[in-house]
1. Condition (residue is of a type in the set (Ser, Thr, Tyr), farther than 18 Å from residue 46 by Cα and either in contact (Cβ under 8 Å) with a residue 40 or more places away in the chain or surrounded by fewer than 16 Cβ atoms within 10 Å (Cβ to Cβ) (or both)) applied to region 136-156: is it met by at least one residue?
2. Quick one: is residue 97 in a strand (DSSP E or B), over 17 Å from the mean Cα position of the chain (by Cα), under 26 Å from residue 137 (Cβ atoms) and free of Cβ contacts under 8 Å to residues at least 60 places away in the same chain?
3. Which residues, counting only those in region 128-142, are of a type outside the set (S, T, N, Q) and either under 17 Å from residue 38 (Cα atoms) or at pLDDT below 95 (or both)?
4. How many residues does region 51-74 hold that are within 19 Å of residue 98 (Cα to Cα) and either away from ligand 2 (no atom under 11 Å from the Cβ) or assigned to a helix (DSSP H, G or I) (or both)?
5. Please enumerate the residues belonging to region 1-16 that are part of a loop (DSSP other than H, G, I, E, B) and either surrounded by 13 or more Cβ atoms within 10 Å (Cβ to Cβ) or within 16 Å of ligand 1 (Cβ to nearest atom) (or both).
6. Is it the case, given these coordinates, that residue 78 is among the aliphatic types (A, V, I, L, M) and out of contact with any Gly (no Cβ under 8 Å at 6 or more places or on another chain)?
7. Considering only residues of region 114-135 that are crowded, with 20+ Cβ neighbours inside 10 Å and in contact with an Asp or Glu (Cβ under 9 Å, 6 or more places away or on another chain), which is farthest from residue 82 (Cα to Cα)?
8. Tell me, which residue of region 28-41 that is over 17 Å from residue 132 (Cα atoms) and in a loop (DSSP other than H, G, I, E, B) is nearest to the chain's Cα centre (by Cα)?
Amino acid sequence: MRVGIGYDVHKLVEGESLILGGVKIDYSHGLEGHSDADVLLHAIKDALLGAVGEGDIGRHFPDDDPQYKGISSLKLLAEVSKLIFNKGFELNNLDGVIIAQKPKLAPYIKRMEENIAQVLDADLDKVNIKATTTERLGFVGREEGIAAEAIVSVKER
Ligand SMILES: Nc1ccn([C@@H]2O[C@H](COP(=O)(O)O)[C@@H](O)[C@H]2O)c(=O)n1
Ligand SMILES: C[C@@]1(CO)OP(=O)(O)OP(=O)(O)OC[C@H]1O
C-alpha cells in the first residue's frame, strides 16, 4: 500500500464557470486557471501521482502548454488513472475536502464522487468528498479563492 497527498488553490473570479469534481456548480463566480481550474481534481491528481512516485500535475501537464488550455480536468484525471494502472497500481481509497466559503456544495457532492469513481474505475464507496468553510477567515473566507486537499492510498493490482 502507498499513500499520496495533494493540495491546490485557484482564484475566484467573475466570468468563469465553477467546476468542481467534474460538476458544473450554479454560482456567480468561477475559478481561474490554464485548464478548467477544477481545484478538487487537481488535488486528487497530485495525490495519485505522489502515491506512485510520479511528481505532480505541473510536471505531466505543464501550465504553459497550449494543448491543456481550457481542458477538462476529468480528462487529465483519466490520463493519471491510466498512468497508475500502467505502473501496476489501483485505487484503494480516496478522501478529499473542498475548502470554500461559498457556494453551498453539499447538493453536488454525490455527483462529484460518482464522476471520480467512474474515471478511476473504482467502487463508489472508495471515494469520499466533503466540503468545509473557513468560518469567514483567510482568503477562502473572503471568497477570493477555493482550496482543496486530497489523500489517497493505492495498492498493487
Ligand atoms: N462550501 C461548503 C462548505 C460547507 N458545506 C457543508 O456545511 C457543513 C458545515 O461547514 P463548516 O465549514 O461550518 O464546518 C460541512 O460539513 C459541509 O457539509 C457545504 O455544503 N459547502
Ligand atoms: C492543470 C494545469 C494544466 O496545465 O493547469 P491549471 O489549470 O493552471 O492548474 P494548476 O494547478 O495551476 O497547474 C497544473 C496544470 O497541470
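1. no
2. Considered against the rule, which asks whether it is in a strand (DSSP E or B), over 17 Å from the mean Cα position of the chain (by Cα), under 26 Å from residue 137 (Cβ atoms) and free of Cβ contacts under 8 Å to residues at least 60 places away in the same chain, residue 97 comes out as no.
3. Step one: list which residues in region 128-142 are of a type outside the set (S, T, N, Q), which gives 129-131, 135-142.
129, 130, 131, 140 - these are the residues of region 128-142 that are of a type outside the set (S, T, N, Q) and either under 17 Å from residue 38 (Cα atoms) or at pLDDT below 95 (or both).
4. 3
5. 16
6. Spelling it out, residue 78 is indeed among the aliphatic types (A, V, I, L, M) and out of contact with any Gly (no Cβ under 8 Å at 6 or more places or on another chain).
7. 129
8. 37
The values are calculated or read from the model by the stated rules, or taken from the named source; none is laboratory data. Remember, predicted model here, so these are calculated numbers, not experimental data. In this analysis, Cβ positions are derived from the backbone assuming ideal geometry, glycine residues included, and neighbour counts consider all displayed protein chains.
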